[in-house]
Amino acid sequence: MNNFQSVEALFKPFEIGNLKLSNRIMMAPMTRNFSPNGVPGEDVAAYYRRRAENGVGLIVTEGTFINHRDVVSDQENVPHIYGEDALNGWSRVVDGVHEVGGKIFSQIWHMGARGNVNDYSKQEITELVEAFEQAAANAKKVGFDGIEIMAAHGFLIDQFFWKKTNTRTDEYGGDLVDRTRFASEVIAACRRAVGPEFPIVLRISQWKYDAYTAKLVETPEQLKRFLTPLVDAGADIFHASIRRFWEPAFEGSELNLSGWIKKLTGKPTITVGSVGLEGADFVDFFATGEEANGKANKMGDLIERLEREEFDFIAVGRALLADPDWVNKIRDGRTEELLPFTREALNTLY
Ligand SMILES: Cc1cc2nc3c(=O)[nH]c(=O)nc-3n(C[C@H](O)[C@H](O)[C@H](O)COP(=O)(O)O)c2cc1C
């Protein structure tokens, strides 16, 4: 038996557009650096398929580079979402996941380059938007069930959002709403590429990769102003990246960031952050990860929030990286069998 109440809420199906998901557990996007020259191979396909066949309702792939690489994006083992070889590789990944009844979205990203976005010319901005559009079209073409646009963690789109990294004086800079223009153009272009029914997730965060206390917005009112143009541009689902799901977004309410976004927009949301981990106070997860016990820590709180419909999905990162059978163990109450997340888990692609 598990040490928390019924897990039923986790296993309720969900529909978004034409897409039917069998449960509320999503694999969080995690860069694995196992795609030489940007091409995902058989090992990557087996890794995602293993999680799909072990009950993950929706997989979001690791971040994949759009065809507009920049200095910090020059990482040769991070997969591309362009070019024949990479797309053939993704096609095999998608087929493998579908064969076992799973669903999979591609996370498309650009990591940004220059610390700020002030030097991009209008021409470069147009090229960047087109590269996102092409990436979305590619993802649909190879059979992905949706896309997640990465607009969090201080990468390119987030650099446009944040006032510290965007002091442009043209239409891409200015107040909070003005700074959403680039993201809105990217979302609208992706929407054009994939049509009205194909789900588009937008992943956003207050925190930045090198600034964990950063904030884009200070109040729910500001959050609403920030989100409105993004919804209007065509985002269907919001994925609010926080590091601990139980932390409130604003004073005076228990709601976390995904809870507030759902309340303010009415859109489905995904929560994330230390699900199933204990002592998971990560500082620099891209470099090393942090060791953490595989425990059903705060699972009761998580399920209660889901039952209250604070959010619709739960993304699980490190716990699922370490343990492909995590979902079944949670469902069956076999929590003592959960594998701990360790740094070594990052070295293999199982
Ligand atoms: C090894 C590793 C790689 C990650 N790579 C990405 C990524 O490519 N894109 C992204 O949006 N988040 C990335 N993240 C963040 C995760 O999606 C997730 O938000 C974070 O791990 C917190 O969830 P967890 O506590 O369940 O691990 C990564 C995290 C880890 C541990």
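The values are calculated or read from the model by the stated rules, or taken from the named source; none is laboratory data. These numbers were taken from a predicted model, which means no experiment stands behind them. As a convention, Cβ positions derive from the backbone with ideal geometry for all residues, glycine included, and neighbour counts pool all protein chains shown. Protein only, heavy atoms only, side chains kept; ligands, DNA and RNA dropped before computing areas. Shrake-Rupley method; radii C 1.70, N 1.55, O 1.52, S 1.80 Å.
Quick look at the values:
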read-out: Identity of the residue in the range 264-278, among the aliphatic types (A, V, I, L, M) and assigned to a strand (DSSP E or B), that ends up farthest from the ligand (Cβ to nearest atom); value: I270
read-out: Among residues of the range 34-65, those that are closer than 22 Å to A136 by Cα, of a type in the set (A, V, I, L, M), outside any strand (DSSP E or B) and within 16 Å of the ligand (Cβ to nearest atom), counted; value: 1
read-out: Helices (runs of 4 or more DSSP H) within the range 119-220 that include 3 or more residues in contact (Cβ under 8 Å) with a residue 24 or more places away in the chain and more than 16 Å from the ligand (Cβ to nearest atom); value: 122-141, 181-194
read-out: Filtered residues of the range 171-187 (kept if farther than 18 Å from G112 by Cβ and open to solvent by 30 Å² or more (accessible area, probe 1.4 Å)); value: E171, G174, D175, V177, D178
read-out: Single residue of H80, H68 found to be surrounded by 20 or more Cβ atoms within 10 Å (Cβ to Cβ) and under 18 Å from A137 (Cβ atoms); value: H80
read-out: The range 221-249: number of residues that are away from the ligand (no atom under 16 Å from the Cβ), part of a loop (DSSP other than H, G, I, E, B) and open to solvent by less than 20 Å² (accessible area, probe 1.4 Å); value: 1
read-out: Inter-residue pairs, beta-carbon under 7 Å, first within 18 Å of E254 (Cα to Cα) and in the range 308-320, second at pLDDT below 95 and more than 7 Å from the ligand (Cβ to nearest atom), 6+ apart; value: I314/L302
read-out: Single residue of the range 299-315 satisfying the filter (more than 16 Å from the ligand (Cβ to nearest atom) and surrounded by fewer than 20 Cβ atoms within 10 Å (Cβ to Cβ)) that is farthest from I16 (Cα to Cα); value: G300
read-out: Selected residue (criterion: least open to solvent (accessible area, probe 1.4 Å)) from residues of the range 331-350 that are more than 13 Å from the ligand (Cβ to nearest atom) and out of contact with any strand residue (DSSP E or B) (no Cβ under 8 Å at 6 or more places or on another chain); value: G333
read-out: Filtered residue count, the range 250-260, keeping only those that are buried (at least 24 other Cβ atoms within 10 Å of the Cβ) and part of a loop (DSSP other than H, G, I, E, B); value: 1
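Yes/no matrix, rows are residues, columns are (1) over 24 Å from I59 (Cβ atoms); (2) modelled with pLDDT under 90:
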site: R244; (1), (2): no, yes
site: L255; (1), (2): yes, no
site: G266; (1), (2): yes, no
site: L277; (1), (2): no, yes
site: D281; (1), (2): yes, yes
